[in-house]
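All remarks here apply to the structure that follows.
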Amino acid sequence: MTEHSADPEDLAREATRAYRAGDYKHAIEVFSEARQLFHTSGLPLRAAEMDNNLCVCLLQLDHAQEALAAVKETPNIFHNEGNLLLKAQALGNRAMAKAALSQLSEAEADYRAAAQIFREIDHQEDLQYTMQALSKIQLQQGRPMEALDAMQSVLNTKTRPSLRDRFLSWLFKLPLRFFNR
């Protein structure tokens, strides 16, 4: 336990500050403490949020297996609590951990599930990030046309595309025209 507080909310704030400062080891320690306290307090949703935060911190330190273990069940917890945004974010975190472990097809499935939820709840920023990550996975799997489609869908979701976005959209459409897609 840290000497600062036994209140899990205080610990969560302290861990978040450590994360933002780049002190991932301290953030992991404090998120873990907060998670345990939330769990023993009968607050599974908050405990699962701490697990998601742990996943991100662990990935920053290249501890992908531990990251996956931390976030493995959180999408189900958020689903059972009816929180679609947190479920989609948890799927994205789990996908990142799977991608770091070279479980690319499993990561792709989680990214696709997350993207579907982000579309349903109209959460454009996370949808764009998820589709970019999906595109990267597809490129790693040697599927450049699908990766282009994923990136194009990111650009299509923007309500006010920048000049750069419009140029990229035009550029991405060139190979599609060449292959008559």
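The values are calculated or read from the model by the stated rules, or taken from the named source; none is laboratory data. All values reported here derive from a predicted model rather than from experimental measurement. All Cβ positions, glycine included, derive from the backbone under ideal geometry; neighbour counts span all protein chains shown. Surface accessibility is based on the protein's heavy atoms, side chains included, excluding ligands, DNA and RNA. Shrake-Rupley method; radii C 1.70, N 1.55, O 1.52, S 1.80 Å.
Looking at this structure, is Lys98 farther than 21 Å from Ala69 by Cα and of a type in the set (Lys, Arg)? Spell out the reasoning first.
Working: farther than 21 Å from Ala69 by Cα: no; of a type in the set (Lys, Arg): yes.
Considered against the rule, which asks whether it is farther than 21 Å from Ala69 by Cα and of a type in the set (Lys, Arg), Lys98 comes out as no.
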Turns out the helices (runs of 4 or more DSSP H) fully within segment 6-70 with at least 3 residues that are farther than 20 Å from Asn83 by Cα, touching a His at 6+ places or on another chain (Cβ under 9 Å) and among the hydrophobic types (A, V, I, L, M, F, W, C) are 8-20
List, please: which pairs have Cβ atoms under 6 Å, are six or more places apart or on different chains, and start with a residue in segment 28-40 that is closer than 7 Å to Leu54 by Cβ and touching a residue at least 12 places away in the same chain (Cβ under 8 Å) and end with one that is assigned to a helix (DSSP H, G or I) and open to solvent by 30 Å² or more (accessible area, probe 1.4 Å)? Phe31/Asn53
Whichever residue in segment 89-126 is open to solvent by 60 Å² or more (accessible area, probe 1.4 Å), acidic (Asp, Glu) and assigned to a helix (DSSP H, G or I) and, among such residues, is modelled with the lowest pLDDT: Glu125
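From Tyr24, Tyr129, which residue is within 30 Å of Glu14 (Cβ to Cβ), at pLDDT below 95 and either hydroxyl-bearing (Ser, Thr, Tyr) or open to solvent by 60 Å² or more (accessible area, probe 1.4 Å) (or both)?
Numbers: Tyr24 fails: at pLDDT below 95.
Only one candidate passes the filter, namely Tyr129.
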So, of the residues in segment 1-15 that are open to solvent by less than 40 Å² (accessible area, probe 1.4 Å) and either at pLDDT 95 or above or under 23 Å from the mean Cα position of the chain (by Cα) (or both), which turns out to be nearest to Leu59 (Cα to Cα)? Ala15
All-but-one check, Asn80 against (1) touching a helix residue (DSSP H, G or I) at 6+ places or on another chain (Cβ under 8 Å); (2) under 17 Å from Asp51 (Cα atoms); (3) surrounded by fewer than 24 Cβ atoms within 10 Å (Cβ to Cβ), failing number (1)
